[in-house]
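Enquirer: Please see the structure below; I have some questions.
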Amino acid sequence: MSLEQSSLFLFAHYFAAIFLFLINRLLQKQNKDVAKKLGFATVAMVTIPITAFYVSFYFIFHKRQNPEVWSGAVAIVAVNLVIFGYVYSAFTEKIEIPPSPGDAQGPRVGTFKRRTD
């Protein structure tokens, strides 16, 4: 086995190990919602821009000069909308934090901390 073949084999081995580790983490019970959201975003990232490109290329901009440029711009807008939707859904999801045993709202820090001396 040559050096190039062995380095390619090593890369493939590490890639497979990292991929299996991530899949194992995503399939755990507490990560099911994250896996669903990531799967939906992945499918949307593949299908929506390609569909937008071809629909705009063949039906909307087919009579213009350089319809591929206009259709490419529509596909770029579609990609950005998918990314925005994923980020928005990630920032607006509910975070369930178990209450701390001492204080119902958690320990007070910074300007909300009360002096005890």
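Enquirer: If you take the beta carbon distance between residue 7 and residue 62 as r and set R0 to 35 Å, what does 1/(1 + (r/R0)^6) give as a FRET efficiency, to the nearest 0.05? Each step should come with its number before you reach the end.
Expert: Numbers: r = 48 Å, r/R0 = 1.36.
For R0 = 35 Å, the calculated efficiency reads 0.15.
Enquirer: On a full-extension model of 0.36 nm per residue, what is the gain between residue 45 and residue 20, subtracting their alpha-carbon distance, rounded to one decimal in nm?
Expert: Details: separation 25, 0.36 × 25 = 9.00 nm, distance 2.21 nm.
Gain in length upon complete extension: 6.8 nm.
Enquirer: Could you run the Karplus curve 6.51 cos²θ - 1.76 cosθ + 1.60 with θ = phi - 60° over segment 27-35 and give me ³J(HN,Hα) per residue in whole Hz, x for Gly and Pro?
Expert: 8, 6, 4, 6, 10, 4, 5, 5, 5
Enquirer: What ranking do 75-85, 54-64, 23-33 get when scored by the average of other Cβ atoms within 10 Å per residue, highest first?
Expert: Working: 75-85: 14.8, 54-64: 13.1, 23-33: 10.3.
Peptide ranking by packing, descending: 75-85, 54-64, 23-33.
Enquirer: Still on this model: Using θ = phi - 60° and the Karplus relation 6.51 cos²θ - 1.76 cosθ + 1.60, list the HN-Hα couplings for segment 45-59 in order, rounded to whole Hz, with x at every Gly or Pro.
Expert: 5, 7, 7, 5, x, 5, 5, 4, 4, 6, 5, 5, 5, 8, 10
Enquirer: Can you run phi through the Karplus equation (6.51, -1.76, 1.60; θ = phi - 60°) for segment 77-88 and list ³J(HN,Hα) in whole Hz, with x for Gly and Pro?
Expert: After applying 6.51 cos²θ - 1.76 cosθ + 1.60, I find 4, 5, 4, 5, 5, 5, 5, 4, x, 5, 5, 4 Hz.
Enquirer: While we're looking at this one, here's another question. Give the lysines whose C-alpha is closer than 19 Å to that of residue 94, dropping any in the same chain fewer than 8 places away, or say none.
Expert: Within the straight-line cut-off, residue 94 pairs with 29, 32, 36, 37.
None of the figures in this text is laboratory data; all of them are computed from the coordinates on show. The model shown is predicted, which means the values in this text are computed figures rather than measured ones. Every residue, glycine as well, gets a Cβ built from its backbone with ideal geometry; the counts of neighbours run over all protein chains shown.
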